[in-house]
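The values are calculated or read from the model by the stated rules, or taken from the named source; none is laboratory data. On a predicted model such as this, the values are computed, not experimentally measured, just so you know. When we count neighbours, we look across all protein chains shown, and the Cβ atoms used for this are built from the backbone with ideal geometry, even at glycine. Ligands, DNA and RNA are stripped out before the accessible areas are found, and what is left, the full protein with its side chains, is counted by its heavy atoms. Shrake-Rupley method; radii C 1.70, N 1.55, O 1.52, S 1.80 Å.
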Amino acid sequence: MSELQDSQKEAPLDFIRSIVHEEVEAGKNDGRVHTRFPPEPNGYLHLGHAKSICLNFGVADEFGGLCNLRLDDTNPVAEKTEYAEAIMEDVRWLGFDWEDRLCHASDYFDQLHEWAIQLIKSGKAYVCDLSAEEMRKKRGTLTEPGVKCCFRERSVEENLELFAKMRDGDFEDGSRTLRVKIDMSSPNLNMRDPVIYRIVHADHPKTGDKWKIYPSYDFAHGQSDSIEGITHSLCTLEFEDHRPLYNWFCENLGIHHPRQIEFARLNLNYVVMSKRKMLRLVEDGHVSGWSDPRMPTIQGLRRRGYTPESIRNFSEKVGVAKRDNMIDVALLEHCLRNDLNKKALRRMGVLRPLKVVIENYPKDQVEKLDAINNPEDPEAGSRTVPFSRELYIERDDFMEDPPKKFFRLGPGREVRLRYAYYITCTEVVKDGNGEVVELRCSYDPETKGGDSPDGRKVKGTLHWVSAPNALNAEVRLYDRLFSKENPEDGEDFTSNLNPDSLLTLSNCKLEPELARAESGESFQLERLGYFCLDSEDSSPENLVLNRTAPLRDSWAKLQKRN
RNA sequence: AGCCUGGUGGUGUAAUGGUAGCACAGAUGUUUUUGGUACAUCUAGUCGGGGUUCGAAUCCCUGCCGGGCUGCCA
């Protein structure tokens, strides 16, 4: 408890943790805290889910409680085991453990069915023969009350009989529903005799063909929480209007009553996060699939090179509140860099190669030079990089007519090649079009390792790769998927797609050490950014790199301004 | 239009009647064999109008603006 008070001083609790804290202090639920993450297995998890996962597992952990993973599988026409498996994989990858508490709403179908009968018997539920269309008409509108239908006064016996026939598959889909009798004139539309069971002749991934009727979300969710002994049912704002119904079921069924608390969902700029819109991107081929590295799905982020730690940290930093928000992707990138700066091994690679020949360096000589793996982490040790007469440097690192603050290579200029030597550009070789195709340089043998014994300074340090030892690679550079901060602004969000969200570079040059890189491993290409092997397309013969995020670049920023 | 809900720097989030703070972004500088990192400094905010109070982001009234709700989706 003192630990809690300490952390409370350091970081103030968000409104949900404050509520939980108060209730624990007050001894509610015997001081127990139990949450759950309840996705519907009808799609892939995204950053918004990550926030919810971190919140639910985080709150449980901080208060010494538990968090269940519950698949909310009440609608067999939309759900697939494929999705359920992907969900579990993603939650696990994010670093959370539900131990033996993998639950399914479908585990409770029998109990739910009994409760439905209980409601019928107490005159609180009835079978309704209205079609969806008719029901909509009778429900009223936002401003007008609904009207009671004639089926509302059916006898308990008739309701029981009809409901049994619904269950037995005697009726067609949509022909009847079981509704709960609340208040057709409630200003809250959810209370106007909501449907709690509908007829669906579809096999269920878990229960097979056992059921021809399935409970609605409202009838399943709160009760599932109740059965699992959940104390705090955290959900997003759009369920606020459902809370009275949630409470109604717990009260009228006389069962354990968790507290539903709603928070604002996460929005990220320059991307869309709704299932429907992401599906459209996939189906229309605007992205390569759900795991496209530009997608905000967990799978997309993972393939892009985002680490679980960075996403967890991001989820914490975005905070929890009830107001609508639009988070800047810069925060996500910050979290990534913050994590990888400490952990990623440094390597050298050249994206847009420019050949350099060191004229005074012996032909056929190859030196092994020591290079530090991570200046932020002495434990990471060092490696060796080959140096030879012919090298590649970045095209951007040379300018024939450099402006004032350009610290890199130019005719007659001296720069340092990282961990190697000082070199001076002596000649610029061009092709027929006046394009620079090669640089002739000289090196100073005294500066081996990158230091000059005479104390001579250079302004710039360049990354490079030895040409005869270079690995070829394809590198994919990603930018924001949409060019508009809020793509959903206009009529059709796809009109805001950023045509340059993916830039593929081939014939990139990498230092040989990268042949040992493994899928899932992140590394920094010095001065360029954080990268990883593409988990789907990279092979030892055909290296494919994804740029997770560029390094901060104050030179690029300066250039942009001018 | 009815109900629910929210409005604090550019963005996000604290402060719950007592000095408006933190993070990201932005700007400047120091250090640097990554124009990275680190460090330092700076910029910038309580939706408007009334009221209560010695004192209001916080309480009251009122206006304005945003979001959600009319699935047998969740």
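Here is how the numbers come out for the structure above:
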item: Portion, in percent, of the accessible area of segment A:1-155 that falls on carbon or sulfur, probe 1.4 Å; result: 48
item: For chain A, calculated [θ]222 nm from helices alone, where every DSSP H run of n ≥ 4 adds -39500 (n - 2.57); result: -8000 deg cm²/dmol
item: Chain A: angle of helix A:81-94 to the longest principal axis, Cα-based, in degrees nearest 10; result: 50
item: Sequence-distant residues sharing a close amide H with A:Gly140 (under 5 Å, placed H); result: A:Val147
item: R0 of 56 Å, Cβ-Cβ distance A:Asp100-A:Lys557: FRET efficiency to nearest 0.05; result: 0.65
item: Per-residue HN-Hα couplings for segment A:64-70 [Karplus 6.51, -1.76, 1.60; θ = phi - 60°; Hz; x = Gly/Pro]; result: x, x, 10, 9, 8, 9, 10
item: Mean shadow area of segment A:412-485, taken as a quarter of the surface of its Cα convex hull (nm²); result: 8.9
item: Table column - 3J(HN,Hα) (Hz), segment A:542-549, Karplus curve with 6.51, -1.76, 1.60, x for Gly and Pro; result: 9, 5, 10, 10, 9, 8, 6, 7
item: Among A:286-297, A:84-95, A:320-331, A:24-35, the order from most to least packed when residues are scored by Cβ within 10 Å on average; result: A:286-297, A:84-95, A:24-35, A:320-331
item: In degrees, nearest ten, helix A:109-121 long axis to first principal axis of chain A (Cα); result: 30
item: Accessible surface, per residue, of chain A when the full set of protein chains is kept, probe 1.4 Å, Å²; result: 47
item: Spread of Cα-to-Cα distances over 10 Å intervals beginning at zero, given as percent, for chain A; result: 3, 14, 21, 20, 15, 10, 8, 5, 3, 1, 0
item: 5 angstrom amide H check on A:Val318, placed H, neighbours 5+ away; result: none
item: Positive minus negative residues near A:Lys430 (Lys, Arg vs Asp, Glu; Cβ under 13 Å); result: -3
item: For segment A:158-208 versus segment A:463-478, the gap between their alpha-carbon centres in whole angstrom; result: 62
item: Radius of gyration, Dmax [segment A:489-536; alpha carbons; angstrom]; result: 16.0, 49
item: Theoretical gain in end-to-end length, A:Ala164 to A:Glu435 [0.36 nm per residue, Cα-Cα removed]; result: 89.4 nm
item: For peptides A:159-167, A:189-197, sequence by mean Cβ density within 10 Å, most packed first; result: A:189-197, A:159-167
item: Separation of alpha-carbon centers, segment A:229-270 and segment A:128-156, rounded to whole Å; result: 26
item: Peptides ranked, highest mean first, by Cβ atoms within 10 Å: ranges A:44-50, A:473-479, A:174-180; result: A:44-50, A:174-180, A:473-479
item: Relative contact order, percent, chain A [alpha-carbon distance under 8 Å, six or more residues apart]; result: 11
item: Percent of C-alpha pairs per 5 Å bin, segment A:48-170, short to long; result: 2, 9, 13, 13, 13, 11, 11, 12, 11, 5, 0
item: 5 angstrom amide H check on A:Glu438, placed H, neighbours 5+ away; result: A:Val429
item: Reach of A:Lys457 by Cα under 19 Å, taken over lysines that are not fewer than 8 positions away in the same chain; result: A:Lys404, A:Lys405, A:Lys448
item: Rounded to 10°, Cα long-axis angle of helix A:156-167 versus longest principal axis of chain A; result: 40
item: Per-residue ³J(HN,Hα) for segment A:374-389, Karplus 6.51 cos²θ - 1.76 cosθ + 1.60, θ = phi - 60°, Hz, x for Gly and Pro; result: 7, x, 8, 9, x, 4, 6, x, 9, 9, 10, 10, x, 10, 8, 5
item: Mean Cα-pair separation over length for segment A:249-401, i.e. relative contact order, pairs under 8 Å, 6 or more apart, %; result: 18
item: Cut-off 20 Å (backbone N to label point 7 Å along Cα→Cβ of A:Leu189), residues of segment A:117-149; result: A:130-149
item: Cβ-Cβ FRET estimate between A:Glu238 and A:Arg395, R0 fixed at 51 Å, reported to 0.05; result: 0.55
item: Proximal charge balance of A:Ala132 [Cβ under 13 Å; K/R count +1, D/E count -1]; result: +2
